[in-house]
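The values are calculated or read from the model by the stated rules, or taken from the named source; none is laboratory data. Computed from a predicted structure; not experimentally measured. Counting neighbours? That spans all protein chains shown, and the Cβs are built from the backbone with ideal geometry, glycine included.
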Amino acid sequence: MNAGSTMDGKPMPMPLRVIDLLRHAARNHPGAEIVSRRVEGDIHRSTYAEAYARACRVARALRDELGVSPGDKVATLAWNTHRHLELYYGTAGLGAVIHTINPRLAGDQLAWICNHAGDRVLCFDGTFAPLVAAVAPQLRTVQAFVQLSPGPAAAAPLPEVLDYEALLARVPGADMDWPAVDENATCGLCYTSGTTGDPKGVGYTPRSTVLHAYASALPDSLDLSARDTVMPVVPMFHVNAWGLPFTLPMVGAKMVLPGPALDGRSIYELCESEGVTMAAGVPTIWLGLLQHLRANGLKFTSLRKTVIGGAAAGEAMVRAFEQEHGVAVIHGWGMTETSPVAAINQPTRRHEALTPDERIRLKTRQGREVFGVEMRIEDESGRELPRDGRAAGRLLVRGPWVAQAYQGGLQAARADGWFDTGDIASIDPEGYMLIVDRAKDMVKSGGEWISSIDLENAAMSHPAVLEAAVIGLPHPKWDERPLLVCVRRDGAQLRAEDVLEHLRPRVARWWLPETVEFVDALPHGPTGKVLKTVLRQQYAGHASKGAA
């Protein structure tokens, strides 16, 4: 009989749909809570059943009141709240594209992104009304502005603005007959931070989003279930809050959304009042939280694990969470182009015998590839390097939720199907990947490479160093030498000589910085990463002090 005959057994050809994640939660976890600290300052409580009903209203309002059709872009400038979540699902369920925009971008860059994407509707929290008013004259494709929450009066007049709640009140909340959208059509859009050149738009599909949600929930991934209470501190405009708004409804976990209050005190209070068991965020957020705990002698009563991504988690941060507070650290790695979860650091049975210090060192690695993602490292000639934990080369990835092309058609992946991440990494025989550095951030001294990440982590292991960054300074003999820029902890007395003394037993002698500088704060980009481009501009022509 021929292959593919009608006599062959086969599963139902049902397409994967984003709306089915929330619909599943409404049917199977209807009373599970969604708790939001809103822009209004209050705590809002709802359930998955209520969120699904409001997502139905969102879809009807977009379609019937605003004329949104499948494929149209609905942009958001919004915090992590229940309204933003409803927009995620109502938009994608309709077959339109939810385009999350980072409000920390400069106005000109924000306008460029809106125009490049071709956004038709712009939904924004009241906090950002002045920003929207400032860029509105530059927006060529936006036809409707929807304000999600109250905010300050805009300095410039806005075009006609629709009220989100009034808009939803005009349409019925009955269950939607959701369209059978193409699982390979774009349903989400997020632009890279644009630290090098113009931002690039990365599209997500229902297929990539649902598969990513499955992979994220696995026990050896984020290990999520209906028994968890999870706070995505990472913003929903930062790679879909690492996919948690999709994974949490899939498993029925209680969701706690922190809104605009991201300081250490606010995060701690919400963790404690809602019994948060897992929180996810970038290192700069956790630095503020840990400072608040230390300054006030506080401990966690419910938090069991924290996910750290967006930038490398140093040994000092892992040690603070695990040894001072008994909170397990899950180190992860990904990028906008990988949806973003690509590697997660979870221990295996073999690691049960490790000492606490050995386990902490292991957890500073970015982790093993999750199923669905493949990784390889290459040298400059394109030759694959061994997984021996020693060889380091360019990190490449591929998988069903890794970008193939950018918005507008620009190729993301190479012709052979691999995406070059721009990171330099090693992979050990057990599959644990370690980011050695960004290719552009490595310091080449005397023909040898110095890892800025390793040097930064060594500096931040000093108890008086809050944050550190390393850049290369031109040197007439060695080509480049490292400059270490440090932020002291509040009240700490620290000299360059103290830092160098701390580094000597921890790094190779020739890695020691030529110069150590102290600043009140490091420049951070829209996603919390240190802007080394700014540091290079600030210290251009800086003379070496010869400290090494």
Considering only region 212-298, give the strands (runs of 3 or more DSSP E) lying wholly within it that have at least 1 residues that are more than 18 Å from the chain's Cα centre (by Cα). 229-232, 254-257
Please tell me if Thr141 is more than 24 Å from the chain's Cα centre (by Cα) and of a type in the set (Ser, Thr, Tyr). yes
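Going through Asp175, Asp125 one at a time, which residue ends up being surrounded by fewer than 24 Cβ atoms within 10 Å (Cβ to Cβ), of a type in the set (Asp, Glu) and at negative phi? Even if it seems obvious, please write down each step before you answer.
Details: Asp125 fails: surrounded by fewer than 24 Cβ atoms within 10 Å (Cβ to Cβ).
Answer to the check: Asp175.
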Go through region 512-536 and give me each residue that's over 26 Å from the mean Cα position of the chain (by Cα) and at pLDDT below 90. Glu514, Thr515
Which condition does Ala496 not pass, out of (1) closer than 22 Å to Arg438 by Cα; (2) at pLDDT 90 or above; (3) in contact with a strand residue (DSSP E or B) (Cβ under 6 Å, 6 or more places away or on another chain), if it passes all the others? (1)
The lone condition Gly288 fails out of (1) within 21 Å of Ile98 (Cβ to Cβ); (2) surrounded by fewer than 24 Cβ atoms within 10 Å (Cβ to Cβ); (3) without any contact (Cβ under 8 Å) to a residue 40 or more places away in the chain is (1)
Condition first: touching a residue at least 60 places away in the same chain (Cβ under 8 Å), out of contact with any Leu (no Cβ under 6 Å at 6 or more places or on another chain) and surrounded by fewer than 21 Cβ atoms within 10 Å (Cβ to Cβ). Now tell me which residues in region 144-161 satisfy that. Pro150, Gly151
Within region 301-316, take every residue that is surrounded by fewer than 19 Cβ atoms within 10 Å (Cβ to Cβ) and at pLDDT 95 or above and give me the one that is nearest to the chain's Cα centre (by Cα). Lys305
What number of residues in region 439-455 are touching a strand residue (DSSP E or B) at 6+ places or on another chain (Cβ under 6 Å) and farther than 17 Å from Glu501 by Cβ? 9
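Residues are listed down the side, and each one gets a yes or a no for (1) buried (at least 21 other Cβ atoms within 10 Å of the Cβ); (2) under 20 Å from Val318 (Cβ atoms); (3) under 24 Å from the mean Cα position of the chain (by Cα):
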position	(1), (2), (3)
Gly431	no, yes, yes
Ala458	yes, yes, no
Pro463	no, yes, no
Ala468	yes, yes, yes
So which pairs qualify, if the first residue must be in region 518-529 and at positive phi, the second must be in a loop (DSSP other than H, G, I, E, B), the Cβ gap must be under 7 Å, and the two must be at least 6 apart or on different chains? Gly528/Val282; Gly528/Gly310; Gly528/Ala311
Could you list, in sequence order, the residues of region 513-544 that are crowded, with 18+ Cβ neighbours inside 10 Å, touching a Pro at 6+ places or on another chain (Cβ under 8 Å) and in a loop (DSSP other than H, G, I, E, B)? Pro513, Glu514, Gly528
Taking region 324-348 and the residues there that are of a type in the set (Val, Ile, Thr) and over 26 Å from Pro199 (Cβ atoms), the one that is surrounded by the fewest Cβ atoms within 10 Å (Cβ to Cβ) would be Thr348
Taking region 427-470 and keeping residues in a loop (DSSP other than H, G, I, E, B) and hydrophobic (A, V, I, L, M, F, W, C) leaves Met442, Ala464
What's the number of the condition Arg509 fails, among (1) out of contact with any strand residue (DSSP E or B) (no Cβ under 8 Å at 6 or more places or on another chain); (2) closer than 27 Å to Gly310 by Cβ; (3) loosely packed, with under 14 Cβ neighbours inside 10 Å? (2)
Here's a check for you: in region 472-496, which residue that is in a loop (DSSP other than H, G, I, E, B) and among the charged types (D, E, K, R) is surrounded by the most Cβ atoms within 10 Å (Cβ to Cβ)? Arg489
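For Thr81, state whether it is of a type in the set (Val, Ile, Thr), in the same structural domain as Pro179 (by TED's automatic domain parsing), surrounded by fewer than 22 Cβ atoms within 10 Å (Cβ to Cβ) and touching an Asp or Glu at 6+ places or on another chain (Cβ under 9 Å).
Working: of a type in the set (Val, Ile, Thr): yes; in the same structural domain as Pro179 (by TED's automatic domain parsing): yes; surrounded by fewer than 22 Cβ atoms within 10 Å (Cβ to Cβ): no; touching an Asp or Glu at 6+ places or on another chain (Cβ under 9 Å): yes.
It is false that Thr81 is of a type in the set (Val, Ile, Thr), in the same structural domain as Pro179 (by TED's automatic domain parsing), surrounded by fewer than 22 Cβ atoms within 10 Å (Cβ to Cβ) and touching an Asp or Glu at 6+ places or on another chain (Cβ under 9 Å).
Restricting region 115-131 to residues that are under 30 Å from Pro15 (Cα atoms) and part of a helix (DSSP H, G or I), which is nearest to the chain's Cα centre (by Cα)? Before you say what the answer is, go through the steps one by one.
Step one: filter region 115-131 for residues under 30 Å from Pro15 (Cα atoms), giving 116-123.
Remaining after also requiring part of a helix (DSSP H, G or I): 116-117.
Details: His116: 22, Ala117: 20 Å.
This residue is Ala117.
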Just checking: which of the helices (runs of 4 or more DSSP H) contained wholly in region 1-114 hold 1 or more residues that are within 20 Å of Val142 (Cα to Cα), among the hydrophobic types (A, V, I, L, M, F, W, C) and in contact (Cβ under 8 Å) with a residue 24 or more places away in the chain? 48-60, 82-94
Take the residues in region 235-272 that are polar (S, T, N, Q) and in contact with a Ser or Thr (Cβ under 9 Å, 6 or more places away or on another chain); name whichever of them is nearest to Leu224 (Cα to Cα). Thr247
Picking from Gly188, Gly95, which residue would you name as being in contact with a Phe, Trp or Tyr (Cβ under 6 Å, 6 or more places away or on another chain), outside the structural domain of Gly525 (by TED's automatic domain parsing) and surrounded by 23 or more Cβ atoms within 10 Å (Cβ to Cβ)? Gly188
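Yes or no, residue by residue, for (1) charged (D, E, K, R); (2) at negative phi:
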site	(1), (2)
Leu16	no, yes
Asp20	yes, yes
Glu33	yes, yes
Gly41	no, no
Thr47	no, yes
Arg57	yes, yes
Ala61	no, yes
Thr81	no, yes
Leu94	no, yes
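Would you say Ile450 is within 21 Å of the chain's Cα centre (by Cα), modelled with pLDDT under 95 and surrounded by 15 or more Cβ atoms within 10 Å (Cβ to Cβ)?
Details: within 21 Å of the chain's Cα centre (by Cα): no; modelled with pLDDT under 95: yes; surrounded by 15 or more Cβ atoms within 10 Å (Cβ to Cβ): yes.
Here the answer is no, as Ile450 does not meet what is asked.
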